[in-house]
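Chemist: Sending over a structure as structure tokens; questions will come in a sec.
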Amino acid sequence: MMDACVQPGLLPVHEAIVRMLGELAPITATEIVSLYESLDRVLAEAIVAPINVPGGDNSAMDGYAVRHQDCGETLTLIGESFAGHPFKGELLAGQAVRIMTGALVPAGADAVVMQENVTRQEQCIAINQVPDPGENIRRAGEDIAQHAQVFASGQRVSALDIGLLSSLGITQVRVTQRVKIALLTTGDELLAPGAHYESGKIYDSNRPLLRALLSRLPVEILDLGIVPDNPAALRTAFLRAREFADLVVSTGGVSVGDADYTKDILAELGEINFWKIAMKPGKPFAFGLLGKNARAGACWFCGLPGNPVSTAVTYHQLVVPALRFLAGETVSDLPVISAIAAHPLKKQPGRMDFQRGIFTGVNGINSVASAGLQSSGVLSSMSNANCYIRLAAERGHVAAGETVDVILFDQFIR
């Protein structure tokens, strides 16, 4: 039995992403920000190491710096080398230097012997286990060599990247400017959180959800609030959005109901590139240009469906790759892993299904269970999940024990 919502012309998910990225043009404007402001920003130029890391040959152990050729005899201690306070002289025949982890290896030394392998008597040592040449020495540039490329342009800066850049003495980086996003939700039934509850109304969860998720990306947001199901109000909101945004993100109004005006207004003011995706949840997704020419003040738009799970899934699967691409980031597909279905899963052939699941890996065996009701209006199942169970369009019901594809939730959806 085929999925009842399958219609001719539905666009496969992967093709939708390819078409979106083919239409969009990454932002080229850049700015310089401090290292402390660079988290999750996208590098606009490659980073080249100005120094070696480590800056000099240093000890990997607490012990004694020696010359390998002298290790068969009693050696005389002539000084100490501590991290930040190196030994100033040169090691000669029959000599050794007490050295701590991270301290520079003295000139003339070619090995460090662990202190556990040494017998010390006052200022003399005898080596009980001879080290190999170079043993326990971390070479200059072993981590990062001077003039080597550390990060390519298009890298999104992580917290670990900030630590690495700081280790190079870098205090500021050039990044692409933030993507300007206009955000709105549509629907006469929506109430702002905190408003007095009315029968027949629902609180708007989509806009707070999207604002939170968008904060994980390098964006600047214009929040246009809740727009009623009114063509004039929608037209005004979209015209205002076009003046500000690189991309407009709206939810609701892209289905086929009598009050679903968003798609009509978008078509009036611009061009719809595609509408309706062969995915579940999230079939009614519109992408196009708000305006008649991308070079003449127009901006792109993504019209997401109104059900909250559909909003979350289409945002993650379709909008996030588009935003990362707009920001200049080098984007790759989400990693897919295999897991065993812990119980049967319902699925009709026709659309790619992103069911919400709970993934576990025990003793090297991956398994996944449903996170609960899979209705597009049940946001609790999305909140309880840690992954998608991605079922191919042509696949039908899944029996317990069958292998399925799993995509773990990343920072852009948690």
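The values are calculated or read from the model by the stated rules, or taken from the named source; none is laboratory data. These numbers come from a predicted model, not from an experiment. Here Cβ is always computed from backbone atoms with ideal geometry, including for glycine, and neighbour counts include all displayed protein chains.
Chemist: For residues that are surrounded by 16 or more Cβ atoms within 10 Å (Cβ to Cβ) and more than 17 Å from I337 (Cβ to Cβ), scanning just the stretch 382-394, find the one that is nearest to the chain's Cα centre (by Cα).
Modeler: Among those residues, the one meeting the criterion is M382.
Chemist: Here is a follow-up. Enumerate the pairs (first residue in the stretch 212-240 and of a type in the set (K, R); second residue anywhere and loosely packed, with under 15 Cβ neighbours inside 10 Å) with beta-carbon separation below 8 Å, excluding pairs fewer than 6 apart on the same chain, so at least 6 apart or on different chains.
Modeler: R216/Q411; R235/E268
Chemist: Identify, by number, the condition in (1) modelled with pLDDT under 95; (2) touching a helix residue (DSSP H, G or I) at 6+ places or on another chain (Cβ under 6 Å); (3) within 28 Å of F301 (Cα to Cα) that L373 doesn't meet.
Modeler: (3)
Chemist: Also: Kindly evaluate T262 against the criterion of being at pLDDT below 90 and surrounded by 21 or more Cβ atoms within 10 Å (Cβ to Cβ). Quick ask: steps written out before the conclusion?
Modeler: Numbers: at pLDDT below 90: yes; surrounded by 21 or more Cβ atoms within 10 Å (Cβ to Cβ): yes.
So T262 passes the test.
Chemist: Would you point out the residue of the stretch 295-318, among those that are of a type outside the set (F, W, Y) and under 22 Å from T236 (Cβ atoms), that is modelled with the lowest pLDDT? Break it down stepwise before answering.
Modeler: Residues of the stretch 295-318 of a type outside the set (F, W, Y): 295-299, 302-314, 316-318.
Then drop every residue that is not under 22 Å from T236 (Cβ atoms), which leaves 296-299, 302-304, 306.
Working: A296: 61, G297: 72, A298: 84, C299: 93, C302: 95, G303: 92, L304: 94, G306: 91.
So, considering only residues that are of a type outside the set (F, W, Y) and under 22 Å from T236 (Cβ atoms), the one modelled with the lowest pLDDT is A296.
Chemist: A further question follows. Hey, among V362, V331, V336, which residue is in contact with a Phe, Trp or Tyr (Cβ under 6 Å, 6 or more places away or on another chain) and more than 22 Å from L184 (Cβ to Cβ)? I'd like the intermediate steps shown before the answer.
Modeler: Details: V362 fails: in contact with a Phe, Trp or Tyr (Cβ under 6 Å, 6 or more places away or on another chain); V336 fails: in contact with a Phe, Trp or Tyr (Cβ under 6 Å, 6 or more places away or on another chain).
After applying the criteria, what remains is V331.
Chemist: Another one. For the stretch 261-295, give me each residue that is over 17 Å from V313 (Cβ atoms), part of a loop (DSSP other than H, G, I, E, B) and touching a Pro at 6+ places or on another chain (Cβ under 7 Å).
Modeler: Y261
Chemist: Also: Can you tell me which residue in the stretch 229-242 is farthest from S205 (Cα to Cα), limited to those that are touching a Leu at 6+ places or on another chain (Cβ under 8 Å) and not basic (K, R)? Step through it out loud before you land on a result.
Modeler: Filtering the stretch 229-242 for residues touching a Leu at 6+ places or on another chain (Cβ under 8 Å) gives 235, 237-242.
Within this subset, residues satisfying the condition of being not basic (K, R) are 237-239, 241.
Details: A237: 19, F238: 21, L239: 24, A241: 21 Å.
Filtering the stretch 229-242 for residues that are touching a Leu at 6+ places or on another chain (Cβ under 8 Å) and not basic (K, R), the one farthest from S205 (Cα to Cα) comes out as L239.
Chemist: Let me ask something else. Residues V179, V118, V150, V130: which one is in contact with a Phe, Trp or Tyr (Cβ under 9 Å, 6 or more places away or on another chain) and among the aliphatic types (A, V, I, L, M)? Before you say what the answer is, go through the steps one by one.
Modeler: Details: V179 fails: in contact with a Phe, Trp or Tyr (Cβ under 9 Å, 6 or more places away or on another chain); V150 fails: in contact with a Phe, Trp or Tyr (Cβ under 9 Å, 6 or more places away or on another chain); V130 fails: in contact with a Phe, Trp or Tyr (Cβ under 9 Å, 6 or more places away or on another chain).
Answer to the selection: V118.
Chemist: Next question, about the same structure. Please specify each residue of the stretch 85-107 satisfying the condition of being under 41 Å from the mean Cα position of the chain (by Cα) and in a strand (DSSP E or B).
Modeler: Across the stretch 85-107, the qualifying residues are H85, L104.
Chemist: Has the stretch 223-235 got any residue that is at pLDDT 95 or above, more than 15 Å from Y261 (Cα to Cα) and not charged (D, E, K, R)?
Modeler: The answer is yes, given that some residue of the stretch 223-235 is at pLDDT 95 or above, more than 15 Å from Y261 (Cα to Cα) and not charged (D, E, K, R).
Chemist: Moving on. Count, please, the residues in the stretch 203-239 that happen to be charged (D, E, K, R), part of a helix (DSSP H, G or I) and within 20 Å of D188 (Cβ to Cβ). Reasoning before the result, please.
Modeler: Step one: of the stretch 203-239, the residues charged (D, E, K, R) are 204, 207, 211, 216, 220, 223, 229, 235.
Next, only the ones that are part of a helix (DSSP H, G or I) stay: 207, 211, 235.
Right, trim to within 20 Å of D188 (Cβ to Cβ) and you get 207, 235.
Going through the stretch 203-239 one residue at a time, the tally reaches 2.
Chemist: Oh, and also: Considering each residue of the stretch 85-111, count those that are closer than 15 Å to A140 by Cα and surrounded by fewer than 18 Cβ atoms within 10 Å (Cβ to Cβ), and give that number.
Modeler: Looking only at that region, the number is 3.
Chemist: Examine the stretch 308-315 for a residue that is in a helix (DSSP H, G or I), free of Cβ contacts under 8 Å to residues at least 40 places away in the same chain and assigned by TED's automatic domain parsing to the domain that holds D204, and state whether such a residue exists. Steps first, answer last, please.
Modeler: Going residue by residue through the stretch 308-315, those that are in a helix (DSSP H, G or I) are 308-315.
Next cut, free of Cβ contacts under 8 Å to residues at least 40 places away in the same chain only: 314.
Going one step further and asking which of them are assigned by TED's automatic domain parsing to the domain that holds D204, we end up with 314.
Yes - at least one qualifying residue is present in the stretch 308-315.
Chemist: A further question follows. Take the stretch 338-368 and flag every residue that is among the hydrophobic types (A, V, I, L, M, F, W, C) and under 25 Å from the mean Cα position of the chain (by Cα). Let's see the steps before the verdict.
Modeler: Quick first cut of the stretch 338-368, residues among the hydrophobic types (A, V, I, L, M, F, W, C) only: 339-342, 345, 352, 354, 358-359, 362, 365, 368.
Within the stretch 338-368, A339, M352, F354, I358, F359, V368 qualify.
Chemist: Among the strands (runs of 3 or more DSSP E) lying completely within the stretch 127-199, list those that include at least 2 residues that are modelled with pLDDT of 95 or more, among the polar types (S, T, N, Q) and more than 30 Å from P106 (Cα to Cα).
Modeler: Values: elements: 149-151, 172-176, 179-186.
Hits in the stretch 127-199: 172-176.
Chemist: What is the one condition in (1) farther than 22 Å from V130 by Cα; (2) among the polar types (S, T, N, Q); (3) not assigned by TED's automatic domain parsing to the domain that holds A148 that S38 does not satisfy?
Modeler: Going through (1) farther than 22 Å from V130 by Cα; (2) among the polar types (S, T, N, Q); (3) not assigned by TED's automatic domain parsing to the domain that holds A148 one by one, S38 breaks only (3).
Chemist: Let me ask you something else. Report the residue count in the stretch 333-381 for those that are in contact with a Lys or Arg (Cβ under 8 Å, 6 or more places away or on another chain), hydroxyl-bearing (S, T, Y) and surrounded by fewer than 16 Cβ atoms within 10 Å (Cβ to Cβ).
Modeler: 0
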